[in-house]
Amino acid sequence: MRLCFPKKDKKWYNKIAKSAYKNVCLVLSEVLYIPRLKPEKLKEMVKGDYSNFIKTYNKNKGVIVISGHISSWELSASATRLNTGIKVHCIARPQTNELVNKKVNEYREKYGNEIIETGANIRLIHKIIKQKGVVAFIIDQSAPPEYSYFIDFFGVNTASYSGAAKIALKYNSEVILGVIVRKDDLNYKPVFVNIKTDDLYGSFDEKAKELTGRMHKTLENIIRQNPEQWLWFHRRFKNNRINENENTYNTDSIYR
């Protein structure tokens, strides 16, 4: 938080930190409740305007949804499915424990979505987009420097996955950020923000890097508006480049 909000005081950091812990507890509680969570109840919990997402999907170009670990990220895609009828294929890292992984994926697919685990056949992702489907990526996790773009995220030149942007450009897909934001009454509102791709220029690689930066800037804006709802505990900035022109990385200093 000091890295991302350097001008705040200790009182603010403590307040946001406590709220962030509460957010994680709420997320865990909601995940554990999923087996008993009826579709009508989830739709009641997440009410709002889905028209922008539906309009984007109806362009029939395929949709790349980008999201992050903000608010109740485990309910976001399920609520979208229930409120729009549109199936979302979610890219997810497998859990270390196989039994836990199986159960978590079962919960995520309960309402009709599909989980595609990282490391699985990437051709499936391309196939879904070519068939004008929807693929969702979580983009706020730390990425391996060797096959990532270094982009500005909260003022830090940090490694970021490039796959979502490259696939979107390859198939001329629509790109939209999708999250749900928790309200004071502990219900949620959906937020969708389109990300422009028709004004990019340069080589394919240059376009993909710029688009990756736009994705992260859009997510950053949501986090700045709702800092207490982001997962501050994961090491998002562990692979950050000290100098754009050097192949050197700083993985520890910002955590000291």
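The values are calculated or read from the model by the stated rules, or taken from the named source; none is laboratory data. Note that this is a predicted model, so its numbers are computed, not measured. Here the Cβ is made from the backbone with ideal geometry for all residues, glycine too, and neighbour counts use every protein chain on show.
Key figures for this structure:
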quantity	calculated
Subset of segment 120-139 [assigned to a loop (DSSP other than H, G, I, E, B) and either on the phi > 0 side of the Ramachandran plot or touching a strand residue (DSSP E or B) at 6+ places or on another chain (Cβ under 8 Å) (or both)]	132, 133, 139
Test: residue in segment 206-213 that is outside any helix (DSSP H, G or I), under 23 Å from residue 155 (Cα atoms) and more than 12 Å from the chain's Cα centre (by Cα)	no
Leading residue by the ranking (modelled with the lowest pLDDT) among those in segment 84-117 that are among the polar types (S, T, N, Q) and surrounded by 13 or more Cβ atoms within 10 Å (Cβ to Cβ)	95
Output for segment 20-72, where each listed residue is part of a helix (DSSP H, G or I), aromatic (Phe, Trp, Tyr) and farther than 19 Å from residue 184 by Cβ	33, 53, 57
Subset of segment 32-57 (residues that are of a type in the set (Phe, Trp, Tyr) and over 15 Å from residue 134 (Cα atoms))	33
Options 81, 36: the member that is out of contact with any strand residue (DSSP E or B) (no Cβ under 7 Å at 6 or more places or on another chain), at pLDDT 95 or above, crowded, with 18+ Cβ neighbours inside 10 Å and charged (D, E, K, R)	81
Top-ranked residue in segment 146-180 [being modelled with pLDDT under 95 and aliphatic (A, V, I, L, M); ranked as surrounded by the fewest Cβ atoms within 10 Å (Cβ to Cβ)]	156
In segment 1-33, the residues that are over 23 Å from the mean Cα position of the chain (by Cα) and surrounded by fewer than 11 Cβ atoms within 10 Å (Cβ to Cβ)	6, 7, 9, 10, 11
